[in-house]
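Each remark here refers to the structure printed beneath this line.
Read-outs: derived from the displayed coordinates by stated rules, not from any lab. In this text, all values refer to a predicted model and were calculated from it rather than measured experimentally. Positions of Cβ are generated from backbone atoms using ideal geometry, with glycine treated the same way; all protein chains shown enter the neighbour counts.
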Amino acid sequence: MHLAQFNVAHMRAPVDDPLLAEFVAALEPVNTLADAAPGFVWRAIANEDDPEETITHEFGDHLLINYSIWESRESLWNFVYRSPHLAVLQRRREWFHRVAEPYTVMWWVEEGDIPSLKEAWHRLTLLREKGPTPDAFTFKEFYDPDGDRG
Amino acid sequence: MDDLAAVAALNDPVRRELYRYVTSKGRPVGRNEAAEAAGVARPLAAFHLDKLVEAGLLEAGFARLTDRTGPGSGRPAKVYQRAPGEHVVSVPPRDYRTLALVLAEVVDLLGGDEVAEKAAHRIGARLGAESAAASLSGLLAERGYEPYDDDGVLRLRNCPFHVLAQEQPLLVCSMNLSLCQGLLEGRGEPGAPRLDPRPGECCVVFPQENSKTNKS
């Protein structure tokens, strides 16, 4: 099984606003880092030729989405918190609003499967409505592929 | 094995030296190398290393220690490295960890990261000023960071806040960076520690100018 993660971020301004400029500039180096990270499997890409283009979707305005698949919890953790990605994450308040409801969700997928964006959104909704379950969970309240609390 | 027994296993000076040496390497260490470093015969080192494994402080594996492979290259050697997990003993019982977890969650819920970072900086500066350590790396060693020189950069092998950093990585790593900045400031030394996280180590590194003359 592979681990899918989907997260949304509420931008403080439209993506082409100067406020977001440094974030947009960090997209290419950070995505390059992800692609080369141990255990990286797949990520949603808006435009192969433009690393700064963000994914368009129907889930709301000023909402940045990020969707990727990893071999394990450890590989995703090491990319998110144990790589130069952490320094970008630290600056999140400059670019994104604080939200009270969960904004990141994880679930297990069959190897080779890439669930649709709609499915990913559904998982986040599930987490928001029911809290962490084996079908939609978080790093903090993590479930193994067999449904046990990790 | 309970925590007290694990800690008690370090009571023997040779064993303690072997543990210190193996964990300072950050990679699997063979029996010969460890014996040489501790200045004892190989069989004695092997005995104590295996006691440390029994106590849950080290874990053993097998690796080829030479580059030769194939027939004639010999069987893999037994190697040792630090075991995961931690052992805390307090007499009388104290439990600061649970309270720290609660407080970290409160800071997170209140969105109080910046206030927490400022407080960490302040406390770091106080600790840095109060310490009698002769060098920055001495101070960092005193505080459990296990500093080592890596190509002119001072890296920290151990995260003293590991459990909390697993629970609230963003908050705890930011606070740790601020604390480290404070430590340096409290010593009146220039330079700016920065985040450069790697798997299995502390997230903070100190740039070259601080580490050149301060090898521990």
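At what distance in nm do the modelled label points of B:ASP149 and B:ARG198 sit from each other, each positioned 7 Å from its Cα along Cα→Cβ?
Calculated label separation equals 1.6 nm.
Work out Dmax and Rg for the range B:1-111 from the C-alpha atoms and quote the Rg first, both in angstrom.
Gyration radius and largest Cα-Cα distance of the range B:1-111: 18.6, 63 Å.
What do you get for GluC sites (Glu not before Pro) in the range A:65-150 restricted to DSSP loop and a cutoff of at most 16 other Cβ within 10 Å of the site's Cβ?
Answer by residue number: A:GLU71, A:GLU110, A:GLU111, A:GLU141.
What dipole magnitude, in Debye to the nearest 20, does the range B:96-211 give about its Cα centre under +1 on Lys/Arg Cβ and -1 on Asp/Glu Cβ?
220
Taking the Cα centre of chain B as origin, sum charge times position over the Cβ atoms of Lys and Arg (+1) and Asp and Glu (-1), and report the length of that vector in debye to the nearest 20. Let's see the in-between values first.
Details: 26 positive and 29 negative charges, 167 e Å.
Dipole of chain B, to the nearest 20 debye: 800 debye.
DSSP loop (so not H, G, I, E, B), at most 11 other Cβ within 10 Å: list which GluC sites (Glu not before Pro) in the range A:37-69 pass both filters.
Of the GluC sites (Glu not before Pro), the ones in loops of the range A:37-69 whose Cβ has at most 11 other Cβ atoms within 10 Å are A:GLU48, A:GLU58.
Counting only other residues whose beta carbon sits under 11 Å from that of B:CYS203, what net charge do I get with K and R as +1, D and E as -1?
Spelling it out: positives minus negatives among the neighbours equals +2.
What fraction of the DSSP beta bridges in chain A is antiparallel, stated in percent and rounded to the nearest 5?
About 100 percent, rounded to the nearest 5.
What order do you get for A:SER83, B:SER135 when you list them from fewest to most C-beta neighbours inside 10 Å?
Least to most surrounded, the residues fall as B:SER135, A:SER83.
For chain B, find the longest principal axis of its Cα atoms and tell me its angle to the long axis of helix B:42-54, 0 to 90°, nearest 10.
50
State the Kirkwood hydrodynamic radius of the protein assembly as shown in Å, one decimal place, computed from all pairs of distinct Cα atoms.
23.3
Helix A:21-36 versus the longest principal axis of chain A: what is the Cα-based angle in degrees, 0 to 90, to the nearest 10?
Between the helix axis and the principal axis of chain A, the angle is about 40 degrees.
Which angle from 0 to 90°, rounded to the nearest 10, does the C-alpha axis of helix A:117-130 make with the longest principal axis of chain A?
Its long axis makes an angle of about 70 degrees.
Short version: what are the Cα gyration tensor semi-axes of chain B, square root of 5 times each eigenvalue, largest first, in whole Å?
Taking √(5λ) for each Cα gyration eigenvalue gives 34, 21, 17 Å.
How many partner chain Cβ atoms sit within 10 Å of a residue's Cβ in peptide A:81-87, on average, as a whole number?
6
Please get the size of the charge dipole for the range A:12-150, origin at its Cα centre, with Cβ charges of +1 on Lys and Arg and -1 on Asp and Glu, quoted in debye to the nearest 20.
800
How big is the gap, in Å, between the Cα center of the range A:47-117 and the Cα center of the range A:120-137?
So the separation of the two Cα centres works out to 15 Å.
Residue by residue through B:163-170, how many Cβ atoms from other chains fall within 10 Å of the Cβ on average? Intermediate results must be reported in sequence, preceding the final value.
Numbers: counts 0, 0, 2, 4, 2, 1, 7, 6.
Counting Cβ atoms of other protein chains within 10 Å of each residue's Cβ and averaging gives 3.
Tell me the volume per residue, in Å³, of the convex hull enclosing the alpha carbons of chain A.
111
Which of the listed residues, B:TYR80, B:VAL40, B:GLY26, is farthest toward the dipole's positive end in the range B:23-105, when Lys, Arg count +1 and Asp, Glu count -1 at the beta-carbon?
Checked the options; the winner is B:VAL40.
Of B:LYS25/B:LYS118; B:LYS25/B:LYS78; B:LYS25/B:LYS51, which ones are farther than 27 Å apart at the Cα? Display every interim value, and only then the final one.
On the way: B:LYS25/B:LYS118 33 Å; B:LYS25/B:LYS78 16 Å; B:LYS25/B:LYS51 19 Å.
Pairs exceeding 27 Å: B:LYS25/B:LYS118.
Give me the distance in nm between label points sitting 7 Å out from Cα along the Cα-to-Cβ direction at A:GLU94 and A:PHE59, one decimal.
Computed distance between label sites A:GLU94 and A:PHE59 equals 2.5 nm.
Limiting things to C-alpha atoms, what are the Rg and the maximum Cα-Cα separation (Dmax) for the range A:73-150, in angstroms?
Radius of gyration, then largest Cα-Cα span, for the range A:73-150: 13.7, 38 Å.
Calculate, for B:ARG64 and A:GLU111, the FRET efficiency according to 1/(1 + (r/R0)^6) with r their C-beta to C-beta distance and R0 30 Å; round to the nearest 0.05.
Here the calculated transfer efficiency is 0.45.
From Cα pairs below 8 angstrom and at least 6 apart in sequence, can you work out the relative contact order of chain A, rounded to a whole percent?
Dividing the mean separation by the residue count of chain A yields 31 percent.
Using a 7 Å offset from the Cα along the Cα-to-Cβ direction at both A:ARG149 and A:VAL15, what is the distance between the two label points in nm, to one decimal?
For the pair A:ARG149/A:VAL15, the computed spacing is 3.8 nm.
I'd like the FRET efficiency for B:ASP95 and B:GLU54, computed as 1/(1 + (r/R0)^6) with the beta carbon distance as r and R0 of 22 Å, rounded to 0.05.
Plugging the Cβ-Cβ distance into 1/(1 + (r/R0)^6) gives 0.25.
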